[in-house]
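A.B. asks: Here it is, the structure, as structure tokens.
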Amino acid sequence: MVDPTKAGTGLMILEATMSNLNGDPDRESDPRTLETTEGEFGMVSDVSIKRKVRDMVLFKDGPIWEGISKSLGITAKGFDLLERPDRNRAEIGALSAEDFLSSFWDARIFGSNFLVENTGRKTGRGKKNKESGSEVEADEPGTSHKYAGPVAFSWGKTLAPVSIIRATCTNISPVQEGKSRGMAPGSYRVVEHGVYSVPFTYSPHNGRKTRVTAIDLEIMLQLLPHIGLLSSRTRPQVNARHVYYAKHDSAFGSVAPYKILEALTPRVKVSGPTNSWADYEDVTVPKLDGAVITDYSINAYKGNLAA
């Protein structure tokens with residue numbers, strides 16, 4: 001189990017094949033990329049990674065939450081999500097800091113920037129309406145909940161340039177009256193193959209403020225290898241090759257994070273875009289004095305191919 005009082009350094013290695021890991025809303029959901037002198041590199045935002053983890057925690061009636069909650073011996077209480085489409089702002093703004101943090105798992109893990117204006121619970125005390133002179137029930141000011149998250153993901157970038165495939169697709173069922181078929185010009189946009197490096201860190205300083213627990217951290221680390229389960233037509237093949245987490249021996253960190261990330265990053269064996277995982281040289285997990293590295297992807301799958 002992770003110790004929330006000690007620093008942590010993490011690295012996800014995600015492989016995407018014929019998939020759009022993270023669409024760019026500024027470019028009609030084209031795969032996010034970064035143009036450089038060395039070529040076009042794939043990108044994935046921190047928000048995209050956190051959204052995928054949140055979606056697995058959100059659906060409490062689903063088999064993913066059922067499996068993780070059974071594994072960790074927890075119930076749904078205390079593991080609600082703040083970032084959800086149906087949240088009630090008035091109710092959340094009326095919560096005390098203690099109730100807020102004890103309710104929302106993602107606020108404890110990723111922080112919160114929940115702001116309210118002068119809204120909240122009714123106080124039951126009257127005040128004069130300036131225009132009518134009648135007495136109305138006053139609002140109690142709501143509470144803003146602002147916390148820096150203890151877990152911070154960096155934007156991920158592919159280790160090699162990528163090739164983007166774009167195509168127009170048709171549908172036998174028309175989406176408009178009078179049309180014999182449906183057509184979506186340029187709707188299929190995927191990365192042919194890419195391996196993304198996504199670093200992340202855990203700060204016990206921020207964790208103390210959000211009251212994060214070892215269970216909170218374990219939920220995230222055990223779910224990260226499975227984000228490929230949230231597949232779609234343009235995201236059918238996303239695999240977490242590695243989800244490394246280095247548990248430091250102190251709150252300050254015992255090993256320089258850059259050394260850990262350098263030691264865990266696969267090496268590209270070819271020039272230009274890659275075609276498969278065979279184009280990379282994987283690394284051997286080093287033994288470090290002051291930190292223990294665990295690859296959560298190893299224990300994510302219990303079965304093996306038969307000989």
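A.B. asks: For the residue pair ARG211 and SER163, what label-to-label distance in nm results when each label sits 7 Å from Cα along the Cα-to-beta-carbon direction?
C.D. replies: 5.4
A.B. asks: Against the longest alpha carbon principal axis of the chain, how many degrees, from 0 to 90 and to the nearest 10, is the axis of helix 63-72 turned?
C.D. replies: Relative to the chain, helix 63-72 is tipped by roughly 80 degrees.
A.B. asks: On to the next question. Given the range 1-114, what count of lysine pairs have C-alpha atoms under 18 Å apart, with each pair 8 or more places apart or on different chains?
C.D. replies: 4
A.B. asks: Please report the accessible area of TYR147 (heavy atoms, 1.4 Å probe, ligands and nucleic acids excluded) in Å², nearest 10.
C.D. replies: Solvent-accessible area, nearest 10 Å²: 50 Å².
A.B. asks: Computed FRET efficiency, Cβ-Cβ of GLU281 and LEU72, R0 22 Å: what is it to the nearest 0.05?
C.D. replies: 0.05
A.B. asks: While we're looking at this one, here's another question. Under a 10 Å cutoff between Cα atoms, tell me which one of ASP61, ASP46, ASP106 has the largest fluctuation in the Gaussian network model of the chain.
C.D. replies: Maximum among the listed residues: ASP61.
A.B. asks: Report the charge-dipole magnitude of the chain in Debye, nearest 20, computed about the Cα centre from +1 at each Lys and Arg Cβ and -1 at each Asp and Glu Cβ. Mind dumping the intermediate values first?
C.D. replies: Values: 38 positive and 37 negative charges, 77 e Å.
For this selection, approximately 360 debye.
A.B. asks: Ok, one more. Would you mind telling me the share, in percent, of accessible area of the chain contributed by carbon and sulfur at probe 1.4 angstrom?
C.D. replies: Numbers: 8400 of 16840 Å².
Of the solvent-accessible surface of the chain, carbon and sulfur hold 50 percent.
A.B. asks: Still on this structure, I have one more. Determine the gain in length on full extension of the stretch ARG27-ARG233; use 0.36 nm per residue of separation and subtract their C-alpha separation, reporting nm with one decimal.
C.D. replies: Length difference between fully extended and current span is 72.3 nm.
A.B. asks: Roughly how much of LEU34 is accessible, in Å² to the nearest 10, using a 1.4 Å probe?
C.D. replies: Approximately 70 Å² for this residue.
A.B. asks: For LYS259, give me every one of the aspartates and glutamates with a C-alpha distance below 15 angstrom, ignoring sequence neighbours fewer than eight places off in its own chain.
C.D. replies: Excluding near neighbours in sequence, the set is ASP289.
A.B. asks: Divide by every residue of the chain the summed helix terms, -39500 (n - 2.57) for each DSSP H run of at least 4, and state the resulting mean residue ellipticity at 222 nm, rounded to the nearest 500 deg cm²/dmol.
C.D. replies: Mean residue ellipticity at 222 nm (helix-derived): -6000 deg cm²/dmol.
A.B. asks: If you roll a 1.4 Å probe over the heavy atoms of the protein chains, what accessible area per residue do you get for the range 3-44, in Å²? If you can, show how the numbers build up before the last one.
C.D. replies: On the way: 1710 Å² over 42 residues.
Ligands and nucleic acids excluded, the figure is 41 Å² per residue.
A.B. asks: Projecting each Cα onto the charge dipole of the range 3-120 (Lys/Arg +1, Asp/Glu -1 at the beta carbon, about the Cα centre), which of VAL47, SER19, GLY111 comes out farthest on the positive side?
C.D. replies: So the residue furthest toward the plus end is GLY111.
A.B. asks: Let me check I've understood the local charge: for GLY156, count other residues with C-beta under 11 angstrom from its C-beta, Lys and Arg +1, Asp and Glu -1. What total comes out? Write down the numbers at each step before the final one.
C.D. replies: Details: positive: ARG32, LYS157; negative: ASP46.
Neighbour charge sum, excluding GLY156 itself: +1.
A.B. asks: Using a simple charge model, +1 on the beta-carbon of Lys and Arg, -1 on the beta-carbon of Asp and Glu, nothing else, what dipole does the range 1-109 show about its Cα centre, in debye to the nearest 20?
C.D. replies: 520
A.B. asks: Right, another one. Across the chain, what fraction of all alpha-carbon pairs, as a whole percent, falls in each successive 20 Å bin from zero upward?
C.D. replies: 27, 51, 19, 3, 0
A.B. asks: Enter the angle in degrees (range 0 to 90, nearest 10) between the Cα long axis of helix 214-223 and the first principal axis of the Cα atoms of the chain, meaning the one along which they spread out most.
C.D. replies: Approximately 40 degrees, to the nearest 10.
A.B. asks: OK, next. Starting from the Cα of SER102, step 7 Å along the direction of its Cβ; do the same at ILE298; then give the gap between the two resulting points in nm.
C.D. replies: It works out to 3.8 nm between the two label points.
A.B. asks: Tell me the Rg and the Dmax, in Å, that the Cα atoms of the range 190-307 produce.
C.D. replies: 16.5, 50
A.B. asks: Could you give the angle, 0 to 90 degrees to the nearest 10, between helix 46-58's Cα long axis and the longest principal axis of the Cα atoms of the chain?
C.D. replies: With both axes taken from Cα atoms, the answer is about 70 degrees.
A.B. asks: Per residue, how large is the accessible surface of the range 61-118? Use a 1.4 angstrom probe and give square angstrom.
C.D. replies: 55
The values are calculated or read from the model by the stated rules, or taken from the named source; none is laboratory data. Not measured: the values here are computed from a predicted model. Every residue, glycine as well, gets a Cβ built from its backbone with ideal geometry; the counts of neighbours run over all protein chains shown. SASA here: full protein model, heavy atoms, side chains in, ligands and nucleic acids out. Shrake-Rupley method; radii C 1.70, N 1.55, O 1.52, S 1.80 Å.
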